[in-house]
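Below: one structure, written as C-alpha coordinates.
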Amino acid sequence: GENVEQHPSTLSVQEGDSAVIKCTYSDSASNYFPWYKQELGKGPQLIIDIRSNVGEKKDQRIAVTLNKTAKHFSLHITETQPEDSAVYFCAASNAGGTSYGKLTFGQGTILTVHP
Amino acid sequence: EAGVAQSPRYKIIEKRQSVAFWCNPISGHATLYWYQQILGQGPKLLIQFQNNGVVDDSQLPKDRFSAERLKGVDSTLKIQPAKLEDSAVYLCASSFDWGVSETQYFGPGTRLLVL
(Lines give C-alpha, C1' and ligand atoms only; values in the text may rest on other atoms or scores of the structure.)
Protein backbone atom coordinates (compact mmCIF):
# COMPACT_ATOMS: atom_id res chain seq x y z
CA GLY A 1 0.00 0.00 0.00
CA GLU A 2 0.85 3.67 -0.09
CA ASN A 3 3.33 5.15 2.37
CA VAL A 4 3.73 8.90 2.89
CA GLU A 5 6.71 10.42 4.69
CA GLN A 6 6.56 14.06 5.85
CA HIS A 7 9.37 16.38 6.97
CA PRO A 8 10.12 18.25 9.13
CA SER A 9 8.10 17.15 12.14
CA THR A 10 8.38 20.64 13.67
CA LEU A 11 9.06 23.98 12.02
CA SER A 12 9.53 27.31 13.74
CA VAL A 13 9.66 30.57 11.74
CA GLN A 14 9.43 34.29 12.33
CA GLU A 15 6.37 36.18 11.15
CA GLY A 16 6.83 37.19 7.54
CA ASP A 17 9.24 34.37 6.71
CA SER A 18 8.43 31.49 4.36
CA ALA A 19 7.75 27.93 5.47
CA VAL A 20 8.28 24.78 3.40
CA ILE A 21 7.01 21.29 4.25
CA LYS A 22 8.00 18.29 2.14
CA CYS A 23 6.38 14.90 1.56
CA THR A 24 7.36 11.81 -0.37
CA TYR A 25 5.07 8.99 -1.46
CA SER A 26 5.73 5.43 -2.53
CA ASP A 27 2.87 4.41 -4.87
CA SER A 28 3.36 5.66 -8.43
CA ALA A 29 -0.40 5.20 -9.01
CA SER A 30 -1.21 8.01 -6.56
CA ASN A 31 -2.65 10.99 -8.43
CA TYR A 32 -4.27 13.26 -5.84
CA PHE A 33 -2.34 15.16 -3.15
CA PRO A 34 -4.22 17.31 -0.64
CA TRP A 35 -2.82 19.35 2.24
CA TYR A 36 -4.76 19.76 5.47
CA LYS A 37 -4.38 22.24 8.34
CA GLN A 38 -5.43 21.08 11.80
CA GLU A 39 -5.83 23.54 14.64
CA LEU A 40 -5.95 22.46 18.25
CA GLY A 41 -9.20 20.71 19.09
CA LYS A 42 -10.48 20.78 15.51
CA GLY A 43 -10.71 18.44 12.56
CA PRO A 44 -8.37 18.73 9.55
CA GLN A 45 -9.32 21.45 7.06
CA LEU A 46 -8.37 21.24 3.39
CA ILE A 47 -6.19 24.19 2.41
CA ILE A 48 -4.98 23.23 -1.07
CA ASP A 49 -4.73 20.16 -3.28
CA ILE A 50 -2.99 19.18 -6.51
CA ARG A 51 -3.56 16.49 -9.08
CA SER A 52 -0.88 14.58 -10.93
CA ASN A 53 -1.51 16.35 -14.23
CA VAL A 54 -0.39 19.66 -12.69
CA GLY A 55 3.10 20.57 -11.50
CA GLU A 56 2.26 23.59 -9.37
CA LYS A 57 -0.77 25.30 -7.89
CA LYS A 58 -1.03 28.56 -5.99
CA ASP A 59 -3.71 30.13 -3.82
CA GLN A 60 -2.73 33.52 -2.36
CA ARG A 61 0.10 32.85 0.13
CA ILE A 62 -0.03 29.08 -0.27
CA ALA A 63 1.49 27.03 -3.09
CA VAL A 64 2.05 23.35 -3.70
CA THR A 65 4.52 21.74 -6.09
CA LEU A 66 4.57 18.16 -7.35
CA ASN A 67 7.46 16.17 -8.81
CA LYS A 68 6.00 12.89 -10.08
CA THR A 69 9.35 11.51 -11.17
CA ALA A 70 10.84 11.90 -7.71
CA LYS A 71 7.50 11.13 -6.02
CA HIS A 72 7.55 14.16 -3.80
CA PHE A 73 5.40 17.19 -3.24
CA SER A 74 5.83 20.30 -1.12
CA LEU A 75 3.76 22.98 0.59
CA HIS A 76 5.05 26.54 0.51
CA ILE A 77 3.61 29.26 2.74
CA THR A 78 4.88 32.80 2.13
CA GLU A 79 4.60 35.83 4.42
CA THR A 80 3.67 33.64 7.37
CA GLN A 81 1.37 35.00 10.06
CA PRO A 82 0.79 33.84 13.65
CA GLU A 83 -2.60 32.43 12.61
CA ASP A 84 -0.77 30.01 10.30
CA SER A 85 0.44 28.20 13.42
CA ALA A 86 -1.09 24.71 13.34
CA VAL A 87 -0.34 21.10 12.40
CA TYR A 88 -0.12 20.51 8.66
CA PHE A 89 -0.69 17.11 7.04
CA CYS A 90 0.03 15.98 3.53
CA ALA A 91 -1.84 13.04 2.02
CA ALA A 92 -1.93 10.96 -1.15
CA SER A 93 -4.52 8.83 -2.90
CA ASN A 94 -5.25 7.05 -6.15
CA ALA A 95 -8.44 8.96 -6.84
CA GLY A 96 -10.86 6.94 -8.96
CA GLY A 97 -8.74 3.82 -8.67
CA THR A 98 -9.22 0.49 -6.97
CA SER A 99 -8.39 1.99 -3.55
CA TYR A 100 -11.68 3.94 -3.69
CA GLY A 101 -9.95 7.26 -3.12
CA LYS A 102 -8.42 6.18 0.20
CA LEU A 103 -6.20 8.92 1.67
CA THR A 104 -2.87 8.00 3.26
CA PHE A 105 -1.61 10.77 5.53
CA GLY A 106 1.88 11.86 6.51
CA GLN A 107 2.86 12.15 10.16
CA GLY A 108 2.25 15.89 10.35
CA THR A 109 4.34 19.05 10.80
CA ILE A 110 3.84 21.37 13.76
CA LEU A 111 4.32 24.90 12.39
CA THR A 112 4.89 27.71 14.87
CA VAL A 113 5.00 31.30 13.63
CA HIS A 114 6.53 33.70 16.14
CA PRO A 115 5.30 37.32 16.12
CA GLU B 1 -23.73 24.78 4.15
CA ALA B 2 -23.51 22.81 7.39
CA GLY B 3 -20.36 20.80 7.92
CA VAL B 4 -19.82 17.29 9.21
CA ALA B 5 -21.30 16.88 12.67
CA GLN B 6 -19.98 14.49 15.31
CA SER B 7 -20.98 13.62 18.85
CA PRO B 8 -20.01 13.36 21.56
CA ARG B 9 -16.99 15.66 21.42
CA TYR B 10 -15.31 14.00 24.38
CA LYS B 11 -15.63 10.61 26.06
CA ILE B 12 -13.81 9.02 28.98
CA ILE B 13 -14.37 5.33 29.66
CA GLU B 14 -12.61 2.50 31.44
CA LYS B 15 -11.02 -0.37 29.56
CA ARG B 16 -13.38 -3.20 28.61
CA GLN B 17 -16.33 -0.79 28.47
CA SER B 18 -18.14 -0.04 25.24
CA VAL B 19 -18.55 3.31 23.49
CA ALA B 20 -20.32 4.61 20.41
CA PHE B 21 -19.69 7.65 18.22
CA TRP B 22 -22.15 9.31 15.86
CA CYS B 23 -21.56 11.16 12.60
CA ASN B 24 -23.84 13.19 10.34
CA PRO B 25 -22.15 13.95 7.00
CA ILE B 26 -22.67 16.94 4.74
CA SER B 27 -26.07 16.72 3.08
CA GLY B 28 -25.93 14.88 -0.22
CA HIS B 29 -22.54 13.28 0.36
CA ALA B 30 -22.54 9.62 -0.63
CA THR B 31 -19.15 8.68 0.77
CA LEU B 32 -18.44 8.59 4.50
CA TYR B 33 -15.16 7.80 6.23
CA TRP B 34 -14.11 7.02 9.81
CA TYR B 35 -10.51 7.76 10.75
CA GLN B 36 -8.52 7.12 13.92
CA GLN B 37 -5.96 9.77 14.84
CA ILE B 38 -3.54 8.80 17.60
CA LEU B 39 -1.77 11.71 19.30
CA GLY B 40 1.13 12.95 17.21
CA GLN B 41 0.16 10.99 14.09
CA GLY B 42 -1.81 11.52 10.93
CA PRO B 43 -5.34 10.15 10.56
CA LYS B 44 -5.62 6.48 9.62
CA LEU B 45 -8.65 5.22 7.71
CA LEU B 46 -10.73 2.67 9.60
CA ILE B 47 -13.73 2.22 7.30
CA GLN B 48 -15.25 3.81 4.19
CA PHE B 49 -18.92 3.69 3.18
CA GLN B 50 -20.46 4.39 -0.20
CA ASN B 51 -24.12 5.15 0.61
CA ASN B 52 -24.96 2.32 3.03
CA GLY B 53 -22.40 -0.19 1.74
CA VAL B 54 -18.85 -0.79 2.98
CA VAL B 55 -16.15 -0.32 0.30
CA ASP B 56 -13.06 -0.58 2.53
CA ASP B 57 -12.74 -1.86 6.09
CA SER B 58 -9.31 -3.46 5.73
CA GLN B 59 -7.86 -1.51 8.67
CA LEU B 60 -10.82 -1.88 11.02
CA PRO B 61 -10.06 -4.14 14.04
CA LYS B 62 -13.18 -6.19 13.51
CA ASP B 63 -12.87 -8.14 16.76
CA ARG B 64 -13.76 -4.99 18.70
CA PHE B 65 -14.78 -2.26 16.25
CA SER B 66 -18.00 -2.12 14.25
CA ALA B 67 -19.65 0.56 12.14
CA GLU B 68 -22.89 0.98 10.28
CA ARG B 69 -24.61 3.45 7.99
CA LEU B 70 -28.05 1.95 7.73
CA LYS B 71 -29.93 4.58 5.72
CA GLY B 72 -26.97 5.92 3.80
CA VAL B 73 -26.82 9.13 5.83
CA ASP B 74 -25.79 9.05 9.53
CA SER B 75 -23.21 6.58 10.77
CA THR B 76 -22.19 5.10 14.10
CA LEU B 77 -18.83 3.64 15.09
CA LYS B 78 -18.72 1.33 18.10
CA ILE B 79 -15.89 -0.09 20.18
CA GLN B 80 -16.58 -3.08 22.39
CA PRO B 81 -14.62 -3.82 24.52
CA ALA B 82 -12.30 -0.82 24.58
CA LYS B 83 -8.55 -1.14 25.17
CA LEU B 84 -6.08 1.45 26.44
CA GLU B 85 -4.56 1.75 22.95
CA ASP B 86 -7.93 2.89 21.56
CA SER B 87 -7.36 6.31 23.14
CA ALA B 88 -7.39 8.63 20.14
CA VAL B 89 -9.44 11.15 18.22
CA TYR B 90 -12.06 9.54 15.97
CA LEU B 91 -12.69 11.67 12.91
CA CYS B 92 -15.58 11.38 10.53
CA ALA B 93 -15.28 12.76 7.00
CA SER B 94 -17.50 12.85 3.95
CA SER B 95 -17.15 13.48 0.24
CA PHE B 96 -19.71 14.02 -2.51
CA ASP B 97 -18.84 10.69 -4.16
CA TRP B 98 -15.36 9.16 -4.11
CA GLY B 99 -15.52 8.42 -7.86
CA VAL B 100 -16.54 11.99 -8.74
CA SER B 101 -14.82 14.28 -6.22
CA GLU B 102 -11.85 13.41 -4.07
CA THR B 103 -12.27 16.26 -1.60
CA GLN B 104 -12.93 15.02 1.92
CA TYR B 105 -14.45 17.28 4.57
CA PHE B 106 -13.74 16.45 8.20
CA GLY B 107 -15.81 16.86 11.33
CA PRO B 108 -14.37 18.14 14.63
CA GLY B 109 -13.74 14.63 15.96
CA THR B 110 -14.53 12.74 19.16
CA ARG B 111 -11.71 12.59 21.68
CA LEU B 112 -11.71 9.22 23.45
CA LEU B 113 -9.69 8.49 26.56
CA VAL B 114 -9.63 4.90 27.81
CA LEU B 115 -8.46 4.51 31.41
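The values are calculated or read from the model by the stated rules, or taken from the named source; none is laboratory data. All of these numbers come straight from a predicted model, not from anything done at the bench. We place every Cβ from the backbone using ideal geometry, glycine too, and count neighbours over all the protein chains shown.
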- Item | Which listed residue is away from every other protein chain (no Cβ under 11 Å) and surrounded by 14 or more Cβ atoms within 10 Å (Cβ to Cβ), from A:Thr65, A:Thr69 | A:Thr65
- Item | Selection count, the range B:58-115, where residues are farther than 13 Å from B:Trp34 by Cβ and of a type in the set (Val, Ile, Thr) | 4
- Task: Kindly indicate which of A:Leu103, A:Leu11, A:Leu46 is crowded, with 17+ Cβ neighbours inside 10 Å, within 14 Å of chain B (Cβ to nearest Cβ) and touching a Ser or Thr at 6+ places or on another chain (Cβ under 8 Å).
- Result: A:Leu103
- Item | From B:Gln48, B:Gln59, residue being part of a loop (DSSP other than H, G, I, E, B) and facing chain A (nearest Cβ under 10 Å) | B:Gln59
- Query: Can you name every residue in the range B:22-35 that is within 10 Å of chain A (Cβ to nearest Cβ) and not polar (S, T, N, Q)?
  - Reply: B:Tyr33, B:Tyr35
- Message: For the range B:36-45: of the residues being at the interface with another protein chain (Cβ under 10 Å from one of its Cβ atoms) and either modelled with pLDDT of 95 or more or on the phi < 0 side of the Ramachandran plot (or both), which is surrounded by the most Cβ atoms within 10 Å (Cβ to Cβ)?
- Response: B:Pro43
- Across (1) more than 13 Å from chain B (Cβ to nearest Cβ); (2) out of contact with any strand residue (DSSP E or B) (no Cβ under 6 Å at 6 or more places or on another chain); (3) loosely packed, with under 13 Cβ neighbours inside 10 Å, A:Asp59 clears everything bar (2)
- Could you list, in sequence order, the residues of the range A:20-69 that are of a type in the set (Asp, Glu) and without any contact (Cβ under 8 Å) to a residue 24 or more places away in the chain? A:Asp49, A:Glu56, A:Asp59
- Message: Given the criteria more than 10 Å from chain A (Cβ to nearest Cβ), part of a loop (DSSP other than H, G, I, E, B) and not small (Gly, Ala, Ser), does B:Leu70 qualify?
- Response: yes
- Message: Tell me the residue from B:Val114, B:Val54, B:Val89, B:Val19 that is within 13 Å of chain A (Cβ to nearest Cβ), on the phi < 0 side of the Ramachandran plot and surrounded by 16 or more Cβ atoms within 10 Å (Cβ to Cβ), please.
- Response: B:Val89
- Task: Among the residues of the range A:76-95, write down those that are free of Cβ contacts under 8 Å to residues at least 60 places away in the same chain and more than 14 Å from chain B (Cβ to nearest Cβ).
- Result: A:His76, A:Ile77, A:Glu83, A:Ser85
